[in-house]
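The values are calculated or read from the model by the stated rules, or taken from the named source; none is laboratory data. All of these numbers come straight from a predicted model, not from anything done at the bench. Because the Cβ atoms are built from the backbone with ideal geometry, glycine has one as well, and the counts that use them run over all protein chains shown. To get the accessible areas, we keep the full protein, side chains included, count just its heavy atoms, and leave off ligands, DNA and RNA. Shrake-Rupley method; radii C 1.70, N 1.55, O 1.52, S 1.80 Å.
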Amino acid sequence: MTIEDAAEYSDRGDLTTPLYDPSCEDDSNILEGIGTTISSSNNVDNDKQPILGTSSLSGKSISDEAARRAAYAAIFAVFVDAINLMCIAPNLPIMVTPGLHEDSFPSTKPLDIATAQYAHDALEALGMVLSNFVFGYIADRIGSRKALLLLMIGSSCASVGIYLVRSNYWYFLAMTFVNGLFGSAAAIANGYMFIVYKNDRETADEFGGYVMATLMVGLTVGGLFTLFFPSSLFLPLLLSSALCFLAFVVCYIFLLAPSASPPEVDLEPDDDNIQLDKRAIANVIIGASFDHLGTLGIYPLAFSPVMYQRFFLDFQIADEDPIMSHNAYRWLFSMIGLAAVPAALLMPLVNKKLGIAISTVTSNVITAGAIVALLFVAAIEPPTHSSFILYATIIYATFPLALLSQLSSGAMLDRVTPHDQKSLAQGINNSLYDFSSEFC
């Protein structure tokens, strides 16, 4: 069906199924719908309209504003999900050090402090790996809207569960794994953006960058929650649970779902006919995983164990005044996520100027240089306030540039993935991202 036919079809009043339909079974139906806002005058700009272009609701068109509200609702879910995953992370070294705080676990035996911390991170990441695979598949089958709703309500319940078992380290680990099983909002939201803005890749890439930047900012805000509750290491979980429920409500109200059977329009046949290129997808995902392995040298490994051990714990063990306090570590660890904001703003400009390939390689070179510099500063004997300040400065100066290559992987995957497998592809990418985190 042509655009003119669709316009005539719409004028006859035959489009009777609302575009916003919570019972919709599959986001892939978006791509079977009218891909642009159609008026009887047929003055249409096909190039930069959201794919959610025509609604039969009251015979009016769904505007770009409505599509943006849906996109921002998905981004809010990513923000809250990140808070939930990070809200107790800065407290973790304190939790697993018996006797250091009244909320510290009585024992983590047979695990030592470092291993107890890594066990937590590994189980949470394992849950997230499974979540990215499972919910990526679910989103492609029953819709991103339903997938995000399940993730938000599951995260809300899991946070309460962690709080209830806070006195036992091993129950805490089990609930941490459950919480990770609902930690894939970023992958689902990324796939959703590339579906909603299928006909406007510039906007899709822009929102994809916003998703990853929001993820990092959410991690920052979650880390700051620990500063709001200095007397309790676990109380931030209850606040994050409430926020997850709020995100559930926001997504339920604002996320758009397509109609069940809208007429077909061929707007961008080349894009619609993308075939699954397993080799290209594998190359992008594997390359992004190795890229992430390098970035982990700056965050989180430069913080814990290196910074925590070098400028705090070694002094604590020697019964000396540490160079870095508990609160200083919390602030530094938490605020690093804000580095994603300039990275997200720079990414479209840098990619447009240099191209994705050159900007990615440049970002990796900067990352390698930063890691070498950090190792050199950390090896200075004895540690001093000056070396500590230099160490922190290197992290904050280079991490935004290191993130540029990380933010580009979603856009690259979109170019080689069919529309009905976009969420799964983003989920696989994020799964390997999480796996490589724990590999380190």
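Considering the stretch 350-382 alone, what residues qualify as being out of contact with any helix residue (DSSP H, G or I) (no Cβ under 6 Å at 6 or more places or on another chain) and not in a helix (DSSP H, G or I)?
Gly355, Ala379, Glu381, Pro382
If I ask for residues that are of a type outside the set (S, T, N, Q), over 20 Å from Ala402 (Cα atoms), open to solvent by less than 100 Å² (accessible area, probe 1.4 Å) and touching a residue at least 24 places away in the same chain (Cβ under 8 Å), which ones from the stretch 372-391 would you list?
Those that are of a type outside the set (S, T, N, Q), over 20 Å from Ala402 (Cα atoms), open to solvent by less than 100 Å² (accessible area, probe 1.4 Å) and touching a residue at least 24 places away in the same chain (Cβ under 8 Å): Pro383, Phe388.
Mind listing just one residue for me: the one in the stretch 288-343 that is open to solvent by less than 30 Å² (accessible area, probe 1.4 Å), aliphatic (A, V, I, L, M) and outside any helix (DSSP H, G or I) and, of those, nearest to Leu100 (Cα to Cα)?
Step by step, filter the stretch 288-343, then rank; the result is Met324.
Can you list residue pairs whose Cβ atoms sit under 9 Å apart, with the first residue in the stretch 223-247 being within 23 Å of Ile336 (Cβ to Cβ) and assigned to a helix (DSSP H, G or I) and the second being open to solvent by 30 Å² or more (accessible area, probe 1.4 Å) and polar (S, T, N, Q)? Count only pairs 6 or more apart in sequence or on different chains.
These pairs meet every condition: Leu227/Asn327.
Just one of (1) touching a helix residue (DSSP H, G or I) at 6+ places or on another chain (Cβ under 7 Å); (2) crowded, with 18+ Cβ neighbours inside 10 Å; (3) at pLDDT below 80 trips up Leu227, so point out which.
So the condition that Leu227 fails would be (2).
Can you tell me which residues in the stretch 256-283 are modelled with pLDDT under 80 and surrounded by 18 or more Cβ atoms within 10 Å (Cβ to Cβ)?
Ala257, Pro258, Ser259, Pro262, Val265, Leu267, Ile281
Return yes when Glu202 is closer than 19 Å to Pro342 by Cα, out of contact with any Phe, Trp or Tyr (no Cβ under 9 Å at 6 or more places or on another chain) and surrounded by fewer than 24 Cβ atoms within 10 Å (Cβ to Cβ) and no when it is not. So that I can check it myself, show each step before the final result.
Numbers: closer than 19 Å to Pro342 by Cα: yes; out of contact with any Phe, Trp or Tyr (no Cβ under 9 Å at 6 or more places or on another chain): yes; surrounded by fewer than 24 Cβ atoms within 10 Å (Cβ to Cβ): yes.
Yes: the conditions hold for Glu202.
Output the number of residues of the stretch 139-174 satisfying the condition of being open to solvent by 50 Å² or more (accessible area, probe 1.4 Å) and either of a type in the set (Gly, Ala, Ser) or assigned to a helix (DSSP H, G or I) (or both). Give the derivation first.
Filtering the stretch 139-174 for residues open to solvent by 50 Å² or more (accessible area, probe 1.4 Å) gives 141-142, 146, 150, 153, 157, 160, 164, 166-168, 170-171, 174.
Remaining after also requiring either of a type in the set (Gly, Ala, Ser) or assigned to a helix (DSSP H, G or I) (or both): 141-142, 146, 150, 153, 157, 160, 164, 167, 170-171, 174.
Of the residues in that region, 12 qualify.
Return the total of residues in the stretch 63-74 being open to solvent by 20 Å² or more (accessible area, probe 1.4 Å) and either assigned to a helix (DSSP H, G or I) or closer than 16 Å to Leu246 by Cβ (or both). Full working, then the answer.
Taking the stretch 63-74 and keeping what is open to solvent by 20 Å² or more (accessible area, probe 1.4 Å), we get 63-65, 68-69, 72.
Narrowing further to those that are either assigned to a helix (DSSP H, G or I) or closer than 16 Å to Leu246 by Cβ (or both): 64-65, 68-69, 72.
Selection size over the stretch 63-74: 5.
Would you confirm whether or not the stretch 101-116 contains a residue that is of a type in the set (Val, Ile, Thr), part of a helix (DSSP H, G or I) and open to solvent by 20 Å² or more (accessible area, probe 1.4 Å)? Let's see the steps before the verdict.
Quick first cut of the stretch 101-116, residues of a type in the set (Val, Ile, Thr) only: 108, 113, 115.
Add one more test, that the residue is part of a helix (DSSP H, G or I), and what stays is 113, 115.
With open to solvent by 20 Å² or more (accessible area, probe 1.4 Å) added as a condition, the list becomes 113, 115.
Yes, that holds for at least one residue.
Kindly indicate whether Ala357 is in contact (Cβ under 8 Å) with a residue 12 or more places away in the chain, of a type in the set (Gly, Ala, Ser) and either open to solvent by 10 Å² or more (accessible area, probe 1.4 Å) or farther than 20 Å from Glu202 by Cβ (or both). Quick ask: steps written out before the conclusion?
Values: in contact (Cβ under 8 Å) with a residue 12 or more places away in the chain: no; of a type in the set (Gly, Ala, Ser): yes; either open to solvent by 10 Å² or more (accessible area, probe 1.4 Å) or farther than 20 Å from Glu202 by Cβ (or both): yes.
For Ala357, the condition - in contact (Cβ under 8 Å) with a residue 12 or more places away in the chain, of a type in the set (Gly, Ala, Ser) and either open to solvent by 10 Å² or more (accessible area, probe 1.4 Å) or farther than 20 Å from Glu202 by Cβ (or both) - is not met.
Within the stretch 390-437, track down each residue that is of a type in the set (Phe, Trp, Tyr) and modelled with pLDDT under 70. Can you show your working first?
Start the filter on the stretch 390-437 by keeping residues that are of a type in the set (Phe, Trp, Tyr), which leaves 391, 396, 399, 433, 435.
Correct list: Tyr433, Phe435.
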